[in-house]
Amino acid sequence: MASTSKLPPPTKDSKDVPDLNGQIILVTGGTAGIGKDTCRVLVERNAKVYLAARDKHKATTVIDKIRKSTGKDAIYFLHLDLADLDSVRKTAEEYRAQEKELHVLINNAGVLYAPAVGPLTQQGYDIQFGVHVLGHYLLTTLLMPTILSTAHGDISRKSTRVRVVWVSSDGHEITAPKQGVNIVQKGDASLLNWRVILAWIPLIEVVLISSELARKYGDAGLVSISLHPGGVKSELLRNINSIIAWLVEKVRIYPISLGVTTSLFAATSAEALGMNGEYLTAWARRQVPSRHAQNQELAAKLWAWCEEQVLM
């Protein structure tokens, strides 16, 4: 794994994003950090963007600023609380009521609690697993009929490639447990003694879910890519121990404007269409993920387990 503090200079830029006229893109967690900048650039490049987030006031403020800075109005709010599966279902239903196509889904939202475990989701899962993995899994699968219909050209009468982008972190490489990954992340948070490692296990599982989605639907015109956006300064550190946050900040030295590069590359570039199932690191460079994140058997088991959970 390349050191965050010694990355090569970027060869990609947000200015490389092509004209996205006619494309509909949904971004989760677009009210701050990388998600916010992702939304702004997509709107600048003429995409129709749905910003899905929990805080309506914060989202509305961001949307107003993007509309003002770009001079374009094609960005809209969807309420989404990934820590509540019922909310995820309502979000997917609301989207399908408004749109018949979805060209790109960017699963960007995330939370981080370390070293102690965070709160539980509405359904009783560790919140980091619930937001990063299970919530995004459910949203993606509920929107999959729309995504695949778009790929097939049912509305446009023209087949196209569609994408699902999963924002993870290189933290899954740093703290991948030697004994493997325990899929089950439900129960009393006080009984979970993973501490720092628990914070990163869901990020391994994000890569696993992305690769399994790629395997399942690659032949149907879908491209699924997971990525590490780079060590950027963002609000993700707001819930972790101040000492750990200080240490992380020492190596997370890059601005958001660089962090957005990899997400935009995966979501919009022609080159990324040939990267189904792959993992990218900063700045839009191909990288082999951790050993556990390459485990296809574990990916299939995790997918099946998530499927069972959302049906309960």
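The values are calculated or read from the model by the stated rules, or taken from the named source; none is laboratory data. All values derive from a computational prediction rather than experimental measurement. Please note: Cβ atoms are built from the backbone with ideal geometry, for glycine as well, and neighbour counts cover all protein chains shown.
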Looking only at the stretch 293-312, filter to residues that are within 19 Å of the chain's Cα centre (by Cα) and modelled with pLDDT under 90; which one of those is surrounded by the most Cβ atoms within 10 Å (Cβ to Cβ)? ALA293
Restricting the stretch 100-156 to residues that are in a loop (DSSP other than H, G, I, E, B) and of a type in the set (D, E, K, R), the residue that is farthest from ALA220 (Cα to Cα): LYS100
Of the residues ARG67, ARG54, which single one is within 19 Å of the chain's Cα centre (by Cα) and farther than 16 Å from GLY22 by Cβ? ARG54
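For the stretch 32-49, name all the residues that are closer than 17 Å to THR262 by Cβ and not in a loop (DSSP other than H, G, I, E, B). Outline the logic, then answer.
Kept after step one, since they are closer than 17 Å to THR262 by Cβ, are these residues of the stretch 32-49: 33-42, 45.
Across the stretch 32-49, the qualifying residues are GLY33, ILE34, GLY35, LYS36, ASP37, THR38, CYS39, ARG40, VAL41, LEU42.
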Exactly one of these conditions fails for GLU278: (1) over 17 Å from LEU222 (Cβ atoms); (2) at pLDDT 95 or above. Give me its number. (1)
Please determine, by comparing only the residues of the stretch 93-110 that are more than 13 Å from LEU51 (Cβ to Cβ) and buried (at least 21 other Cβ atoms within 10 Å of the Cβ), which one is modelled with the lowest pLDDT. GLY110
Cβ-Cβ under 8 Å pairs, at least 6 apart or on other chains, the stretch 68-88 side modelled with pLDDT of 95 or more, far side of a type in the set (Asp, Glu): THR70/GLU44; LYS72/GLU44; LEU78/GLU94; HIS79/GLU94; SER87/ASP81; VAL88/ASP81
So, LEU120, is that one crowded, with 21+ Cβ neighbours inside 10 Å and among the hydrophobic types (A, V, I, L, M, F, W, C) or not? no
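Any idea which residue in the stretch 281-291 is modelled with the lowest pLDDT, counting only those that are of a type outside the set (A, V, I, L, M, F, W, C) and assigned to a loop (DSSP other than H, G, I, E, B)? Steps first, answer last, please.
The initial filter retains those residues of the stretch 281-291 that are of a type outside the set (A, V, I, L, M, F, W, C), namely 281, 285-287, 289-291.
From what's left, assigned to a loop (DSSP other than H, G, I, E, B): 289-291.
Values: PRO289: 83, SER290: 78, ARG291: 81.
Ranking the candidates gives SER290 first.
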